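The values are calculated or read from the model by the stated rules, or taken from the named source; none is laboratory data. Being a predicted model, the structure only gives us computed values, none of them experimental. So basically every Cβ, Gly included, is an ideal-geometry build from the backbone, and we count neighbours across all protein chains shown.
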Amino acid sequence: MYVMQSPPALTPARQAPPALLEKYSSAATLSDMEIFVFPELLYSLVLANIMSPRLWRWREDPWFAGIHKMTPYRRVLRLKQFIIDRYEFNLDLDTWGLTTKERELARFAPWMDEATISRSNALFGYEGDKYYFDLDIRRHFGLDKYEGNVIPYWKTETIEAMDAFRHKPGFTRGAGECVSLSTLYAAALFVVCGVSLDHIYLLATPLHSQNFIDLNDGVLTNNRRIVTKNMWFNGTEQTAKAQRALRHEQVTIVAHHTGYMHCVYPEATIDPEVYRRFSASLRRYLETPITMEIMANFLRDQSALQKCFQLRYDAHGKARYIPAERVYAYEHNSSYKVSDATRERLLAEIDEDEFFPDPLPDRLLLNRFDEFFKKAHVDISNPADIERLAIALDCHCSKSRDVVNKLVAFARLEPRLPDRAAAHRFIAGPALGLTPEMSREEIIAHLESIRDAHPSADLAFYAARDFARIDPTPIIRAAMERNPVSIGGTAGLSDREVIDRIAALPDESIYEGMRVAQPDEVWNYQRGDGLERILCLANIWRSRHPDAALRLEFEPGRASLQGPDLAIEWPFSRALRGSYTV
């Protein structure tokens, strides 16, 4: 029970709706499960990052000097390198602790049943396409060590929490998981690169989150990196990894500033015309005509088929022949490629003893497809073109139809998007109304002005844990219910030792202004101001003494926690005031 006794010094626009307390408290923890059940949370984190002073300071970094003189694509590349240099991908599932399937299912029962969650969430048994990684997906992500009903929280970090990883042992820079990185990218594209939110779409699947940026031919963000359309079809191992989610998984959520589409819920709030444009643009990005370059890239991706091909290299007036797999092997240590105009230079680098004087039996000559594709590109939607290609690919090594089918699948991916058919009822919401020309102060003021009508705008202040602008009740509820790391980290300490240990932490918050860290952020990063450390202590104390009535109070100058045989007070400098029974 979390009872507010007196309001904060700065009264929020409204109290959190009692019927939606679970959703509002989820904005503080932002776990994978919570975002799937409450899809408005995904964009609320984007908005929380857009409001962050930490992100706006990026614009002052010399790396971004003159960025607005660059083309939009060059801006994206500039941002990509900045993120790669400052963050690493982190999916240590112990970072945010453990919960149980039963506990989470009970929380979400009013909104979604167990069968639906299990089909769409890795923590509840979902394993993706059985060929997704050519290995057990739960083992790949480390989920297999959580047996029975125990599952890890899979929480998403704000930009401040991502930066604070520098304070954790073993980290020298910021870190975050895929949702953290995708929402950071979306916010930074808007704030730093000046990309309109019209062009930015967030895509969530059961095992991944990434963005589609509708600029030029399209750009996909993937964890720290980006994938252009040309890169999507280059056949490299890195690109194959970036493709896994869209190739093998249902897209569960598409989020945009106009709203969202969810694979489960019958209501959608995204503008129907926006969703139509997005679907068309994404499909164009995922399809290309089959050219000589695409065929060579396909063979790079499908290395088992390289044994069906050979290449000819003319040197000193003589033709020599080499297995295709040997040429592709030389690519690894060369800047030249089989698939582009540098092929001859690549062949020239290869050792003489790799070549044969005569054509190799039962292998197609890859060079002859140069002429084949010069006559006409292959339109994969044209059956006559596909038939012509199948005849050309017929050989003893492989069934031509199998090769053609794989080549077509390489050149055209049909994404499994949430169905926009009659099953979805579009419920128009208010416009978000943010433009890249607005200042941070103007953005915050505008989001505050539309909170009554715009759920994601309202939830953004809860995702930011901005106690000056919210009802703290849901955030304190989350602090007491979903922060197991601080409890586990102090399990071997006596009550007195816990108090002394938390009291000794540096008196500094990872957040600025009136934003308040959760207990596990305090513990993971080993720092917190007076209120944050009091919240951390309350969380630990409540788990140790569940029947003890605890009273949490804070005001300018002090934060305190009182209960049976407990009276702790620490300095607190922020202009907030409240009193709670927890």
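For every residue, the table says whether it meets (1) surrounded by 21 or more Cβ atoms within 10 Å (Cβ to Cβ); (2) out of contact with any Leu (no Cβ under 7 Å at 6 or more places or on another chain); (3) without any contact (Cβ under 8 Å) to a residue 12 or more places away in the chain; (4) hydrophobic (A, V, I, L, M, F, W, C).
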residue: PHE372; (1), (2), (3), (4): no, yes, no, yes
residue: HIS377; (1), (2), (3), (4): no, yes, no, no
residue: ALA390; (1), (2), (3), (4): no, yes, no, yes
residue: LEU407; (1), (2), (3), (4): yes, yes, no, yes
residue: ILE427; (1), (2), (3), (4): no, yes, no, yes
residue: PHE467; (1), (2), (3), (4): yes, no, no, yes
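Only one of these conditions is not met by ILE253: (1) surrounded by 19 or more Cβ atoms within 10 Å (Cβ to Cβ); (2) over 14 Å from the mean Cα position of the chain (by Cα). Which number is it?
So ILE253 meets the others, but not (2).
Can you confirm whether VAL403 is at pLDDT below 95, of a type in the set (Val, Ile, Thr) and part of a helix (DSSP H, G or I)?
Spelling it out, VAL403 is indeed at pLDDT below 95, of a type in the set (Val, Ile, Thr) and part of a helix (DSSP H, G or I).
Mind checking which helices (runs of 4 or more DSSP H) fall wholly inside segment 436-522 and carry at least 2 residues that are farther than 30 Å from LEU566 by Cα?
Per the criteria, 440-449, 455-463.
Is it true that GLY235 is closer than 30 Å to LEU311 by Cα and either small (Gly, Ala, Ser) or touching an Asp or Glu at 6+ places or on another chain (Cβ under 6 Å) (or both)?
Spelling it out, GLY235 is indeed closer than 30 Å to LEU311 by Cα and either small (Gly, Ala, Ser) or touching an Asp or Glu at 6+ places or on another chain (Cβ under 6 Å) (or both).
Could you go through segment 172-179 and let me know if any residue there is over 25 Å from ASP32 (Cα atoms) and either outside the structural domain of LEU55 (by TED's automatic domain parsing) or not hydroxyl-bearing (Ser, Thr, Tyr) (or both).
No.
Filter segment 523-562 down to the residues that are in a strand (DSSP E or B) and among the basic types (Lys, Arg) and list them by number.
Selection gives ARG551, ARG558.
Please state which one of LYS145, LYS155, LYS168 is crowded, with 23+ Cβ neighbours inside 10 Å and assigned by TED's automatic domain parsing to the domain that holds ASN216.
After ruling out the rest, the residue left standing is LYS155.
Select, from LEU197, LEU189, LEU207, the only residue that is modelled with pLDDT under 95 and in contact with a helix residue (DSSP H, G or I) (Cβ under 8 Å, 6 or more places away or on another chain). Lay out the reasoning, then the answer.
Working: LEU197 fails: modelled with pLDDT under 95; LEU189 fails: modelled with pLDDT under 95.
Exactly one of LEU197, LEU189, LEU207 is modelled with pLDDT under 95 and in contact with a helix residue (DSSP H, G or I) (Cβ under 8 Å, 6 or more places away or on another chain), namely LEU207.
For segment 166-254, give me every one of the strands (runs of 3 or more DSSP E) that falls completely inside it and has 3 or more residues that are under 26 Å from PRO53 (Cα atoms) and of a type outside the set (A, V, I, L, M, F, W, C).
Filter on segment 166-254 gives 208-213.
Taking segment 549-563, which residues are over 17 Å from ASP507 (Cβ atoms) and modelled with pLDDT of 95 or more?
Result: LEU550, ARG551, LEU552, GLU553, GLN562, GLY563.
Which helices (runs of 4 or more DSSP H) does segment 38-119 wholly contain that include 1 or more residues that are of a type in the set (Phe, Trp, Tyr) and within 20 Å of the chain's Cα centre (by Cα)? Break it down into steps so the answer makes sense when it comes.
Values: elements: 40-50, 53-56, 72-86, 101-108.
Correct list: 40-50, 72-86.
Quick test of your reading of the structure: THR342 fulfils all but one of (1) crowded, with 18+ Cβ neighbours inside 10 Å; (2) in contact with a Phe, Trp or Tyr (Cβ under 7 Å, 6 or more places away or on another chain). Name the failing condition by number.
Going through (1) crowded, with 18+ Cβ neighbours inside 10 Å; (2) in contact with a Phe, Trp or Tyr (Cβ under 7 Å, 6 or more places away or on another chain) one by one, THR342 breaks only (1).
Say whether the condition of being farther than 28 Å from ARG412 by Cβ and assigned to a loop (DSSP other than H, G, I, E, B) is met by at least one residue in segment 365-388.
no
Say whether the condition of being over 19 Å from ASN90 (Cβ atoms), modelled with pLDDT of 95 or more and surrounded by fewer than 20 Cβ atoms within 10 Å (Cβ to Cβ) is met by at least one residue in segment 122-131.
So far as segment 122-131 goes, no, none of its residues is over 19 Å from ASN90 (Cβ atoms), modelled with pLDDT of 95 or more and surrounded by fewer than 20 Cβ atoms within 10 Å (Cβ to Cβ).
Consider segment 273-297. How many of its residues are surrounded by fewer than 22 Cβ atoms within 10 Å (Cβ to Cβ), more than 21 Å from ILE213 (Cβ to Cβ) and in contact with a strand residue (DSSP E or B) (Cβ under 8 Å, 6 or more places away or on another chain)?
Residues in segment 273-297 being surrounded by fewer than 22 Cβ atoms within 10 Å (Cβ to Cβ), more than 21 Å from ILE213 (Cβ to Cβ) and in contact with a strand residue (DSSP E or B) (Cβ under 8 Å, 6 or more places away or on another chain): 2 in total.
Taking ARG244 as the residue in question, decide whether it is farther than 20 Å from SER281 by Cα and either at pLDDT below 95 or surrounded by fewer than 23 Cβ atoms within 10 Å (Cβ to Cβ) (or both).
Working: farther than 20 Å from SER281 by Cα: no; either at pLDDT below 95 or surrounded by fewer than 23 Cβ atoms within 10 Å (Cβ to Cβ) (or both): yes.
So ARG244 does not fit the description; no.
Anything in segment 565-577 that is modelled with pLDDT of 95 or more and at positive phi? List them, or say none.
Scanning segment 565-577 gives no hits.
For segment 488-515, give me each residue that is without any contact (Cβ under 8 Å) to a residue 60 or more places away in the chain and β-branched (Val, Ile, Thr).
Scanning segment 488-515 gives THR490, VAL498, ILE502.
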